[in-house]
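This report refers to the structure that appears directly beneath it.
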């Protein structure tokens, strides 16, 4: 379950009632550091050391594969995606300008979220049944009529993105998947992974996803999950998108939300699968409690 907070206004009411979501451009987010992190690129020496270390740890590989990627010219060719770092940053930023960004949170009960994004508890929080798995760095969702959407947990750090670590992690994963059923890594399959065009394309795609989901650590309280409409077709992907499925499952009323507005929202979103919850300021601790609610 993922959540979005909102204030009670006609724009938000229309969006939640129709299952529509606005994917923002990166210059529309509320933090100017967001979607614009520095990237740390490796020197050739650092790259060669980490690549050799990775290859030495691989087992059950064909001798031809090990011999080829011990060759200095091949290592230099493999390093080529990082050779022109300024150009790579320019490409990342150009692509980021065409991405559509939709933000959710994992936490419906954080006081700062209610304060910042729900008009100081005068608004509401919506729970959406969005199933995803980012154990492999990201997941792909089909929520908008066949339009591919990527989903990633936001990484919170004041450090730059480490391009080399991303590259080595990705390479290890790809080489592991290139093995046959017996766990053997043959030359032809490994070469397909490390071929210049393939690895350059894949590392750029991965850097893009990290570039768009890396925020300063001071924002970590948001516990954010980000949906990214990537412009791999070179089209701008921001704007309004309508969900192709009924994913709205929960509605939490703010503790200071007027009763008349609770009734309006209940009538608007009532269904057999939607649960409504009342929030109240606790008399026992500094916080909020939630209980089932019914206004219709």
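The values are calculated or read from the model by the stated rules, or taken from the named source; none is laboratory data. Just so it is clear, the model here is predicted, and its values are computed rather than measured. Neighbour counts are summed over all protein chains in view; Cβ atoms, including those assigned to glycine, are modelled from backbone coordinates with ideal geometry.
Points worth noting:
- If only residues of region 124-143 that are in a loop (DSSP other than H, G, I, E, B) and in contact with a helix residue (DSSP H, G or I) (Cβ under 8 Å, 6 or more places away or on another chain) are counted, the one that is nearest to residue 249 (Cα to Cα) is 138.
- Strands (runs of 3 or more DSSP E) wholly inside region 211-296 containing at least 3 residues that are farther than 24 Å from residue 89 by Cβ: 239-242, 248-253, 275-281, 288-292
- Strands (runs of 3 or more DSSP E) wholly inside region 1-120 that include at least 2 residues being modelled with pLDDT of 85 or more and farther than 25 Å from residue 262 by Cβ: 100-105
- Of all the criteria given as (1) without any contact (Cβ under 8 Å) to a residue 60 or more places away in the chain; (2) under 30 Å from residue 169 (Cα atoms); (3) over 22 Å from the mean Cα position of the chain (by Cα), the one not satisfied by residue 93 is (3).
- If you filter region 220-236 down to residues that are more than 14 Å from residue 141 (Cβ to Cβ) and buried (at least 16 other Cβ atoms within 10 Å of the Cβ), you find that the one that is modelled with the lowest pLDDT is 231.
- Test: residue in region 275-287 that is surrounded by fewer than 15 Cβ atoms within 10 Å (Cβ to Cβ) and closer than 22 Å to residue 18 by Cα: yes
- Filter pass, residue 256 being surrounded by fewer than 17 Cβ atoms within 10 Å (Cβ to Cβ), more than 21 Å from residue 132 (Cα to Cα) and modelled with pLDDT under 90: no
- Residues satisfying the stated conditions in region 142-177, i.e. farther than 24 Å from residue 88 by Cβ, more than 11 Å from the chain's Cα centre (by Cα) and buried (at least 18 other Cβ atoms within 10 Å of the Cβ): 143, 144
- Residue within region 159-176 that is in a strand (DSSP E or B), closer than 20 Å to residue 205 by Cβ and modelled with pLDDT under 95 present: yes
- Checked against the criterion of being surrounded by 15 or more Cβ atoms within 10 Å (Cβ to Cβ) and free of Cβ contacts under 8 Å to residues at least 60 places away in the same chain, the candidates 188, 139 yield just one match: 139.
- In region 30-49, the residues that are in contact (Cβ under 8 Å) with a residue 40 or more places away in the chain and at positive phi reach residues that are surrounded by 13 or more Cβ atoms within 10 Å (Cβ to Cβ) and outside any loop (DSSP other than H, G, I, E, B) with C-beta atoms within less than 8 angstrom, at least six apart or across chains, in these pairs: 35/26; 35/96; 35/101; 35/211.
- Look at (1) without any contact (Cβ under 8 Å) to a residue 24 or more places away in the chain; (2) in contact with a helix residue (DSSP H, G or I) (Cβ under 8 Å, 6 or more places away or on another chain) and you find that residue 75 fails only one, number (1).
- From 129, 139, residue being closer than 24 Å to residue 214 by Cβ and within 22 Å of the chain's Cα centre (by Cα): 139
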